[in-house]
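If you scroll down you'll find the structure; I have some questions about it.
Just so you know, all these numbers are worked out from the coordinates, no wet-lab data involved. Bear in mind that the values here come from a model prediction, so they are computed numbers and not experimental data. Don't worry about glycine lacking a Cβ; one is built from the backbone with ideal geometry, like all the others, and counts go over all protein chains shown.
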Amino acid sequence: MEDTEASVVPVHTIPPPLPYSLHTRKKAIAFFWTIFVLDTLGQPVALYWGLWYGTNLSHNLVFSIVTACLGGISVFEYFYRLYNLFRKDSRARPLNARKSWLDFFHINFTIVWLILAVELIVGTVPKEPYVRLIAMILPTVMFYFGFVHLSLDVLRMAGFKAPFRISSTPKGSVMPTALYALIEDVVAVDGGGGQIYRYALRTRYLSSPYFRRMLFEMNCFWSGGSIICAAAITAIIFTVSEPVAYTLGWTLPFAWALLWTAITIPWVQSDLRREKKAWAENRGQGGIPWTDDITAPTARTRFESVQERLPNLLPWNRDKQSAPSTPSIEGDCVDGASHEARTEEDGVVNNGVETTAEHKPEQILANGDVGVDEKMEEVPRDAMTTTTTTTHNEASRLP
């Protein structure tokens, strides 16, 4: 009896931790973003107004200078990432990837830089530069990443597999949510988390349906918001005067990013608390274990909770009845007993593993079952079996 109890795999009550903290890197993060904002926002706007209106330089030369000074920190970051991914003893490249394989973010980084180079060349070559086109640099970045990230999640929900390796996600696997790949790559390479963080994040991603759902909703929030905001900025750029268009084209994307960040921080903090609570209540590990199961049940996220509280004036909330986040005690008992009875009598397939009368509880837990809810532990086994038998007998008498 003691050997059986010792062999039972315990159900985890907390999600797998992520070995990375932003609190210890506040100074480095503040320094990087200060330099980045000055380089990408302050410098092009200041040079434009100063050289255009404060000197007698030709307009073409003004924008040649602006273009030459643009993106210094981004160019440095590009080659810094490339070195970290390609060096022989790299600890930052994707898991199980070849030495010559770039991560998903760097591939997109390269493509978007090529697009921006074409824009800058076309905009600055003429004697009278296309000011509005040069003002579209940041909206172009927003359009690109918005459509790429949103497309990945649309393909994911449609059931498509990854056509090639996406960072640490192998080819042929379930298409990962785009934000997962972005976080993995940026923290592992730019943030110094390395392959240790890639492994920890993948463990968390595959083991927690709530975490996957949160990343999916956050990705839709950012990618959808970037597309809508970029479209609005584009309309403004081609409507107002050129000096105003240039200034707004470089400043409004930062205003949008600041607003979205202010919304995201408390949103994610709330969802992480909800995820932790769901695991503590044994409701955080539905679906096939250690698999990116897009149909896995999960506790209600913050976004879903807010959506349910919106007024019924919204068309998608009318006549909508929300299911309870946790089943009732009576329902738990009947369902759990029915499952136990079927397991003992006929055998069922549970998470891809055929369960028969010979399978022991510890074997089921070893294959990833969440186990019995805490409330069910209080119900006697005999009462559960009796309830199941009665339910089956009543069902057999129905016409």
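Can you pull the one-decimal nm distance between simple spin-label points at LYS171 and VAL112, each 7 Å off the Cα toward Cβ?
Result: 2.6 nm between the two label points.
Convert each backbone phi in region 147-159 into a coupling constant with the Karplus relation 6.51 cos²θ - 1.76 cosθ + 1.60 (shift: θ = phi - 60°), then list the ³J(HN,Hα) values in order as whole Hz, x for Gly and Pro.
5, 5, 5, 5, 5, 4, 6, 5, 5, 4, 5, 7, x
Separate question: May I ask you to derive the FRET efficiency for PHE160 and ALA46 from their Cβ-Cβ distance with R0 = 51 Å, giving the value to the nearest 0.05?
Computed FRET efficiency for PHE160 and ALA46 comes out at 0.65.
Could the peptides 22-30, 131-139, 234-242, 54-62 be put in order, highest first, of the mean number of other beta-carbon atoms found within 10 Å of their residues?
Output ranking for 22-30, 131-139, 234-242, 54-62: 131-139, 234-242, 54-62, 22-30.
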